[in-house]
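**Q** My structure is below; once you've seen it, I'll send some questions.
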Amino acid sequence: ARSTERLDELKGGMISLTAHVGNWELAGRLLAVRSARPTHVVVAPDEIRALERWVRRDGDGVRFVPRTAPTVSLQLVAALRRGEVVAVQGDRALGTRGDALVPFFGRPAPFPLGPFILARALRVPLAPAFCMLGPDYRYTVTMPEPLNVPAGGEEEALRVWVALLEETVRVHPTQWFNFFDVWNPPRG
């Protein structure tokens with residue numbers, strides 16, 4: 001089954017991995033409520049105000065963490081060790097040496113490797129999740145099989161993730177909110 005029931009099987013800390021596809025904001029909120037664990041959403045600093053205005057409500061267990069905060073890594077490690085959820089989007093390269101080239105629709109494209117390094121270092125699963133609008137105008141959250149990242153397996157796990165993203169975009173091309181050249185992103 002490719003559904004949120006997988007959350008019931010995942011105990012302890014986990015990384016929820018999604019993309020700018022479908023209604024990722026709703027997916028994050030639903031997964032936070034369903035998992036009943038505090039969720040730390042990693043975002044670009046310029047996204048925080050807009051997201052808080054539309055998505056955040058006090059006491060709902062969702063916290064936005066700017067990825068450029070000096071202590072962001074320590075905050076995420078601490079959250080995962082407490083058994084909480086860290087939510088990240090894995091479809092936009094940062095333009096740093098933390099990106100890795102992976103085939104995407106037949107051409108190499110850079111994707112962030114950070115979530116996979118964090119999952120491997122803390123031995124927590126990566127749980128891919130997508131919230132897509134169906135033909136009946138209802139959203140459905142799907143969760144493919146969680147990824148466990150062994151030592152040295154970060155790039156292979158990234159390739160699996162990119163293949164899942166490619167499959168999702170192929171089926172729902174009008175729901176991928178990509179506004180830049182993924183194969184030639186601006187440098188960070």
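The values are calculated or read from the model by the stated rules, or taken from the named source; none is laboratory data. Please read all numbers here as calculations on a predicted model, not as lab measurements. Using ideal geometry, Cβ is built from the backbone for each residue, glycine included, and neighbour counts are taken over all protein chains shown. To get the accessible areas, we keep the full protein, side chains included, count just its heavy atoms, and leave off ligands, DNA and RNA. Shrake-Rupley method; radii C 1.70, N 1.55, O 1.52, S 1.80 Å.
**Q** Where the second residue is buried (at least 18 other Cβ atoms within 10 Å of the Cβ) and at pLDDT 70 or above and the first is among the basic types (Lys, Arg) and lies in the range 32-48, which pairs have Cβ atoms under 7 Å and are six or more apart or on separate chains?
**A** So the pair list comes out as 37/84; 37/85.
**Q** Here's something else I'd like to know. Of everything in the range 61-98, what is farther than 30 Å from residue 183 by Cβ, of a type in the set (D, E, K, R) and touching a strand residue (DSSP E or B) at 6+ places or on another chain (Cβ under 9 Å)? Give them in sequence order. Give the steps one after another, and end with the answer.
**A** Kept after step one, since they are farther than 30 Å from residue 183 by Cβ, are these residues of the range 61-98: 61-63, 70-71, 74-75, 77-85.
Those still in the list that are of a type in the set (D, E, K, R) too: 63, 81-82, 84.
Of everything in the range 61-98, those that are farther than 30 Å from residue 183 by Cβ, of a type in the set (D, E, K, R) and touching a strand residue (DSSP E or B) at 6+ places or on another chain (Cβ under 9 Å) turn out to be 63, 84.
**Q** Residues being surrounded by fewer than 15 Cβ atoms within 10 Å (Cβ to Cβ) and touching a helix residue (DSSP H, G or I) at 6+ places or on another chain (Cβ under 7 Å): count how many of those fall in the range 151-188.
**A** Adding up the residues that qualify gives 1.
**Q** Out of curiosity, is residue 129 among the aliphatic types (A, V, I, L, M) and at pLDDT 95 or above?
**A** No: the conditions fail for residue 129.
**Q** While we're here: Restricting the search to the range 143-188, which residues are modelled with pLDDT of 90 or more, in a loop (DSSP other than H, G, I, E, B) and more than 23 Å from residue 117 (Cα to Cα)?
**A** Across the range 143-188, the qualifying residue is only 172.
**Q** Among the residues of the range 76-88, is any touching a helix residue (DSSP H, G or I) at 6+ places or on another chain (Cβ under 9 Å) and free of Cβ contacts under 8 Å to residues at least 60 places away in the same chain?
**A** For the range 76-88, residues touching a helix residue (DSSP H, G or I) at 6+ places or on another chain (Cβ under 9 Å) and free of Cβ contacts under 8 Å to residues at least 60 places away in the same chain: present.
**Q** If you don't mind, another one. Report yes if some residue within the range 111-120 is modelled with pLDDT under 90, part of a loop (DSSP other than H, G, I, E, B), touching a helix residue (DSSP H, G or I) at 6+ places or on another chain (Cβ under 8 Å) and surrounded by 13 or more Cβ atoms within 10 Å (Cβ to Cβ); otherwise report no.
**A** No, the range 111-120 has no match at all.
**Q** Does any residue of the range 53-66 turn out to be modelled with pLDDT of 90 or more and of a type outside the set (Gly, Ala, Ser)?
**A** No, there is no match, as no residue in the range 53-66 is modelled with pLDDT of 90 or more and of a type outside the set (Gly, Ala, Ser).
**Q** A further question follows. Looking at (1) hydrophobic (A, V, I, L, M, F, W, C); (2) open to solvent by less than 20 Å² (accessible area, probe 1.4 Å); (3) modelled with pLDDT of 75 or more, can you tell me which one residue 78 breaks?
**A** Failed condition: (2).
**Q** Now, a different point. Given the conditions (1) closer than 25 Å to residue 23 by Cα; (2) more than 17 Å from the chain's Cα centre (by Cα), report the number of the one that residue 106 does not fulfil.
**A** (1)
**Q** Further, regarding this structure: Looking at (1) in a loop (DSSP other than H, G, I, E, B); (2) more than 24 Å from residue 36 (Cβ to Cβ), can you tell me which one residue 73 breaks?
**A** Answer for residue 73: the failing condition is (1).
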